[in-house]
Amino acid sequence: MLDSASKAFFHLFARSGTLKKLASRYGMRQPSSFARRFIAGETVAEAIEAARAVEARGMTHTLDMLGESVTNLDKAEAATGEYLAAIDAIAAAGIGRGLSLKLTQLGLDADKAIAVDNLRRILARSEPAGFFVRVDMENSPYTDVTLEIFETLWSHGHRRFGIVLQSALYRSEQDLARLNALGAGVRLVKGAYKEPKAVAYQRKADVDAAYARMLVTLLADGHEPAIATHDPVMIDLACRTARERGIARETFEFQMLYGIRRDLQMKLAKDGYRVRVYIPFGREWFPYFMRRLGERPANVAFVVKGIFGER
Ligand code: FDA
């Protein structure tokens, strides 16, 4: 993991409109392109192809049509329409039915009521078709509102519907206790965003320690726990905790990102654990890609090699 100054640097890049446009124009053109390691492609057809390959290796998936920080309601409407079309395409393809999405993609920054309405429209289409929809967790200014929207819709009876908590945030252990009591399905992550120390642990060791505590609580008291990490220490802890407490392998799942630690994904699946791969696709891939670079220096070297060619 990079130190927090480097992480902040990549997050600054992620918000650059000019770089985003440039990257969208050049980044995904070639099949060997540098972004392709982490993103399945720009179209839902490419995502479906990637999902089929994941299924052939004995794993499941959740598809994420990339997009976030939409401030214009026309764009939020377009994203909602694309999600509805993606639901139909995925159902027609006969592959597993899981989706991940972000509330700012549906217009949360522009108009909360419209964003909620957009989410309801997606759920109205996805639930009868047997999809599970997961609301990703964005950076800390959105934590409260994301949980509030999730819990309101949960109280309205939406059940094929889950949420994400980040161990980096001080508040998350309390949020986990509440969501476990509610019966909601939580995906546990460390947190991808650069956060201020008023709300989040700054040292990786503290984020990891919180992750370990939350992982044990989630396995013991959670509902369809999703342990989302590539960290072998956390994965070992989950396997050990499940073994010691007699928690069956089929009752929880590991989740990992497309293109990251494929060896570990395959090994866990071979050992009989449930593994779900998060498959991102779409034209708005730049901020997601920047977050993946910010997590690991080796990825930057990989991109540089991709651009200038290996010598
Ligand atoms: P950690 O960062 O300690 O990495 C452990 C090991 O994993 C590394 O040593 C390396 O081998 C490998 N690794 C990790 N990141 C890598 C990368 N980018 N490239 C190559 N190797 C890498 N975050 C969030 O804030 N909101 C969300 O909704 C989600 N959703 C989500 C879904 C799923 C399925 C996953 C797996 C992750 C997320 N995340 C997320 C991202 C998460 O918060 C976190 O940033 C990354 O998973 C990296 O952290 P690790 O837990 O893997 O540990």
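What follows draws every value from the coordinates through simple rules; no lab data is involved. Because the structure is predicted, anything quoted here is derived from the model rather than measured. Cβ sites come from the backbone with ideal geometry, for glycine too, and all protein chains shown count toward neighbours.
Per-residue packing, averaged as other Cβ atoms within 10 Å, sorts the ranges 44-54, 98-108 into the order 98-108, 44-54, beginning with the highest. Using θ = phi - 60° in the Karplus curve 6.51 cos²θ - 1.76 cosθ + 1.60, the 3J(HN,Hα) couplings for the stretch 138-145 round to 8, 6, 4, x, 9, 4, 4, 5 Hz; x is entered for Gly and Pro. Annotation: amide H-H contacts under 5 Å for A200 (H modelled 1.01 Å from N, sequence separation of 5 or more, or interchain): Y170. Gain on full extension, evaluated as 0.36 nm per residue between L73 and L182 minus their Cα-Cα distance, stands at 36.0 nm. Rounded, prolate or oblate: which fits the stretch 40-284 when a ≥ b ≥ c are the square roots of the eigenvalues of the alpha-carbon gyration tensor, with rounded for a/c under 1.5 and prolate only if a/b beats b/c? Oblate is the answer for the stretch 40-284, as a/c is 1.5 or above yet b/c matches or exceeds a/b. Taking R0 as 30 Å, what's the FRET efficiency between R121 and E49 from their Cβ-Cβ distance, rounded to 0.05? Calculated transfer efficiency: 0.65. Comparing A113, A238, A79 in a Gaussian network model of the chain (Cα springs below 10 Å), the most mobile by mean-square fluctuation is A113. Along the Cα-to-Cβ line of R171, 7 Å from the Cα, sits a label point; which residues in the stretch 98-130 have backbone N less than 19 Å from it? Label zone hits: 102-105, 108-110, 112-113, 116.
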